[in-house]
Amino acid sequence: MKLSIFLKKNGLTAKAFALQIGVSPSTIWRIVKLGAMPRMSLARKIKLATLGAVSYEDYLLPKRERTRTR
């Protein structure tokens with residue numbers, strides 16, 4: 001699942017989520033709005049904070065392949 005979808009489904013802002021995982025809001029904004037690729041350490045934090053709903057593979061696979069594997 002894309003991080004933007006997770007945030008919307010859970011009523012979280014990028015700023016609130018960033019504070020929750022200990023990164024700057026601009027970092028999360030770049031991932032959500034610009035499609036930036038997070039570093040592995042940040043991807044782990046995101047995966048843990050979302051209980052696995054957003055995984056590193058979600059950033060790597062093209063959209064059509066993401067929907068096929070789930």
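Per residue, the accessible area of the chain comes to 70 Å², computed with a 1.4 Å probe over protein heavy atoms only. Computed over the alpha carbons of the chain, Rg followed by Dmax gives 11.3, 33 Å.
The values are calculated or read from the model by the stated rules, or taken from the named source; none is laboratory data. What you see is a predicted model; the values in this text were computed from it and never measured. What goes into the accessible areas is simple: the full protein's heavy atoms, side chains included, and nothing from ligands, DNA or RNA. Shrake-Rupley method; radii C 1.70, N 1.55, O 1.52, S 1.80 Å.
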